[in-house]
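Visitor: Let me give you the structure first, and then I'll get to my questions.
The values are calculated or read from the model by the stated rules, or taken from the named source; none is laboratory data. Predicted, not measured: the structure shown is a model, and the values here were computed from it. Cβ placement follows ideal geometry from the backbone for every residue including glycine, while neighbour counts extend to all protein chains displayed. Heads up: the accessible areas ignore ligands, DNA and RNA and are worked out on the full protein's heavy atoms, side chains in. Shrake-Rupley method; radii C 1.70, N 1.55, O 1.52, S 1.80 Å.
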Amino acid sequence: MRNAAIFAAVFALLLCAQAFSAISAEAAERAEEPYTRETRITEVMNDPAFGNHGRLIFPAERGYWSGETLGALRLTWYSHIDPDKTVEIANYLRTRAASGEKIFYDIYTDAEKAADPRKSDTGLFFFRGGRGKPFAICCAGGGFAYVGAMHDSFPHALELSKMGCNAFALIYRPGAQTACEDLARAITFVFKHAKELGVGTECYSLWGGSAGARMAAYLGSYGPAAFGGGELPRPGAVVMQYTGHRECTRDDPPTYMCCGDADGIADWRVMARRAEVLRSAGIEAEFHKFAGLGHGFGLGTGTNAEGWIYGAAKFWQRQIDKQAAARN
């Protein structure tokens, strides 16, 4: 009887081991499958490939987004969210992270984050382009209440990387002052680690939508040192979308701006007027208005704004070429 009991116990253990092995194999196989519109957002956030940073792919402030799956993601104040682009970005990040590529960089030290826990929700997601090519930092909006990166900075950074540019998407602390401080710190970080990152620092650009556009504009007007960053050059170009930011200086960088004429949050006339003021000061500026579009259209996929990013990239390239010619 005793031998029979031992045999039964061993047999049960073997069955459990086989079941666990099957479950593990199924989980591993599922982990290798690409994300789809039906993939749950929590699955992406908790994917081991992202380590501790998967949660920052989506807003840390839970009250400003909704939806259980990638295809159902919605962000406050944003329109024309493209679920296919959301899926593409999530797969892009996981593929590179799983291959061992570093996709996320902390901009603050552990000691700084311990002193200010909000700094734990900051950092740079890196979308690599050509080695030694100039870099852009893209800043999502969110009313300085949250960071809508999945629609307002990740898509821009991904498209810029496809063009060969090095692009970063900044996750920052909400709040106008802290956001600008984080952007200044991010610029300083990239300059300090440019060789390691494989990026060029000549004629870098800052991109932003809504609140993110204000951040880009402020750093363009006053430079990183004004917000606690290093004594570094101001950007060679600023790209702004849908914001009512009026402030500018006679030393602002060349600036590309766009907005929809049905935007109930940012009046396109403010942007148009700002472009006129910059041009009157001898600063190259472009403004583009898109009929019927409201606030937060991002890349504008499927709208009459689709493709605007290529015009903005050409604007930046023109500044790169001018600076290169001036150096020679």
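Visitor: Return yes or no: is A186 touching a strand residue (DSSP E or B) at 6+ places or on another chain (Cβ under 8 Å), under 20 Å from M271 (Cβ atoms), part of a helix (DSSP H, G or I) and open to solvent by less than 10 Å² (accessible area, probe 1.4 Å)? Show your work before the answer.
Guide: Working: touching a strand residue (DSSP E or B) at 6+ places or on another chain (Cβ under 8 Å): yes; under 20 Å from M271 (Cβ atoms): no; part of a helix (DSSP H, G or I): yes; open to solvent by less than 10 Å² (accessible area, probe 1.4 Å): yes.
The answer is no for A186.
Visitor: Based on what the data block shows, is R173 open to solvent by 10 Å² or more (accessible area, probe 1.4 Å), assigned to a helix (DSSP H, G or I) and on the phi < 0 side of the Ramachandran plot? It would help to see each step written out before you state the result.
Guide: Numbers: open to solvent by 10 Å² or more (accessible area, probe 1.4 Å): yes; assigned to a helix (DSSP H, G or I): no; on the phi < 0 side of the Ramachandran plot: yes.
In short, no.
Visitor: Taking the stated definitions as given, is P34 surrounded by 20 or more Cβ atoms within 10 Å (Cβ to Cβ) and assigned to a loop (DSSP other than H, G, I, E, B)? Walk me through it before giving the result.
Guide: Working: surrounded by 20 or more Cβ atoms within 10 Å (Cβ to Cβ): no; assigned to a loop (DSSP other than H, G, I, E, B): yes.
It is false that P34 is surrounded by 20 or more Cβ atoms within 10 Å (Cβ to Cβ) and assigned to a loop (DSSP other than H, G, I, E, B).
Visitor: Counting only residues that are among the small types (G, A, S) and open to solvent by less than 20 Å² (accessible area, probe 1.4 Å), which one in segment 295-320 is nearest to the chain's Cα centre (by Cα)? It would help to see each step written out before you state the result.
Guide: Initial filter on segment 295-320 (among the small types (G, A, S)): 296, 298, 300, 302, 305, 307, 311-313.
Okay, now just the ones that are also open to solvent by less than 20 Å² (accessible area, probe 1.4 Å), so 296, 298, 300, 305, 312-313.
Working: G296: 14, G298: 12, G300: 16, A305: 20, A312: 17, A313: 16 Å.
That would be G298.
Visitor: Right, here's the next one. If I filter segment 130-148 for residues that are touching a helix residue (DSSP H, G or I) at 6+ places or on another chain (Cβ under 8 Å), open to solvent by less than 50 Å² (accessible area, probe 1.4 Å) and in a helix (DSSP H, G or I), do I get at least one hit?
Guide: no
Visitor: If you scan segment 37-83, which residues turn out to be of a type in the set (S, T, Y) and not in a loop (DSSP other than H, G, I, E, B)?
Guide: Those that are of a type in the set (S, T, Y) and not in a loop (DSSP other than H, G, I, E, B): T42, Y64, S66, T69.
Visitor: Any residue in segment 228-239 that is more than 14 Å from R318 (Cα to Cα) sitting within a Cβ distance under 9 Å of a residue that is part of a loop (DSSP other than H, G, I, E, B) and open to solvent by less than 70 Å² (accessible area, probe 1.4 Å)? List the pairs, counting only those 6 or more apart or interchain.
Guide: Qualifying pairs under 9 Å: G229/G223; E231/G223; L232/G223; P233/G223; R234/G223; R234/D252; R234/P253.
Visitor: Which one of the conditions (1) open to solvent by 10 Å² or more (accessible area, probe 1.4 Å); (2) acidic (D, E); (3) touching a residue at least 12 places away in the same chain (Cβ under 8 Å) does E196 fail to meet, given that it meets all the rest?
Guide: (3)
Visitor: Listed residues R55, R62; which is among the basic types (K, R), surrounded by fewer than 19 Cβ atoms within 10 Å (Cβ to Cβ) and at pLDDT 95 or above?
Guide: Values: R62 fails: at pLDDT 95 or above.
From the options R55, R62, the qualifying one is R55.
Visitor: Can you confirm whether G220 is in contact (Cβ under 8 Å) with a residue 24 or more places away in the chain, open to solvent by less than 10 Å² (accessible area, probe 1.4 Å), closer than 22 Å to L278 by Cβ and part of a helix (DSSP H, G or I)? Give the steps one after another, and end with the answer.
Guide: On the way: in contact (Cβ under 8 Å) with a residue 24 or more places away in the chain: yes; open to solvent by less than 10 Å² (accessible area, probe 1.4 Å): yes; closer than 22 Å to L278 by Cβ: yes; part of a helix (DSSP H, G or I): yes.
Yes: the conditions hold for G220.
Visitor: Now, a different point. Is it the case that Q323 is at pLDDT below 95 and either not small (G, A, S) or not in a strand (DSSP E or B) (or both)? Don't jump to the end; show me each part of the working.
Guide: Details: at pLDDT below 95: yes; either not small (G, A, S) or not in a strand (DSSP E or B) (or both): yes.
It is true that Q323 is at pLDDT below 95 and either not small (G, A, S) or not in a strand (DSSP E or B) (or both).
Visitor: Could I ask something else about it? So which of A291, A211 ends up being out of contact with any strand residue (DSSP E or B) (no Cβ under 7 Å at 6 or more places or on another chain), surrounded by fewer than 19 Cβ atoms within 10 Å (Cβ to Cβ) and touching a residue at least 24 places away in the same chain (Cβ under 8 Å)? Even if it seems obvious, please write down each step before you answer.
Guide: Numbers: A211 fails: surrounded by fewer than 19 Cβ atoms within 10 Å (Cβ to Cβ).
It is A291.
Visitor: Within segment 82-90, identify whether any single residue is touching a Gly at 6+ places or on another chain (Cβ under 7 Å), within 12 Å of M150 (Cα to Cα) and either hydrophobic (A, V, I, L, M, F, W, C) or surrounded by 16 or more Cβ atoms within 10 Å (Cβ to Cβ) (or both), and answer yes or no. Reasoning before the result, please.
Guide: Narrowing segment 82-90 to residues touching a Gly at 6+ places or on another chain (Cβ under 7 Å): 83.
Keeping just the survivors that are within 12 Å of M150 (Cα to Cα) gives 83.
After this cut, where a residue has to be either hydrophobic (A, V, I, L, M, F, W, C) or surrounded by 16 or more Cβ atoms within 10 Å (Cβ to Cβ) (or both) as well, the list is none.
No, because not a single residue in segment 82-90 is touching a Gly at 6+ places or on another chain (Cβ under 7 Å), within 12 Å of M150 (Cα to Cα) and either hydrophobic (A, V, I, L, M, F, W, C) or surrounded by 16 or more Cβ atoms within 10 Å (Cβ to Cβ) (or both).
Visitor: Still on this structure, please answer the following. Going through segment 65-81 one residue at a time, which ones are in contact with a strand residue (DSSP E or B) (Cβ under 6 Å, 6 or more places away or on another chain) and surrounded by 19 or more Cβ atoms within 10 Å (Cβ to Cβ)?
Guide: Scanning segment 65-81 gives W65, T69, L75.
Visitor: Only residues that are among the basic types (K, R) and open to solvent by less than 60 Å² (accessible area, probe 1.4 Å): list them for segment 232-288, please. Working first, answer last.
Guide: In the first step, residues of segment 232-288 are kept if they are among the basic types (K, R); the result is 234, 246, 250, 269, 273-274, 279.
Answer for segment 232-288, where residues must be among the basic types (K, R) and open to solvent by less than 60 Å² (accessible area, probe 1.4 Å): just R274.
Visitor: Filter segment 100-120 down to the residues that are basic (K, R) and either exposed (fewer than 11 other Cβ atoms within 10 Å of the Cβ) or part of a loop (DSSP other than H, G, I, E, B) (or both) and list them by number. First the steps, then the outcome.
Guide: Of all residues in segment 100-120, those basic (K, R) come to 102, 113, 118-119.
Listed by number, the list holds a single entry, K102.
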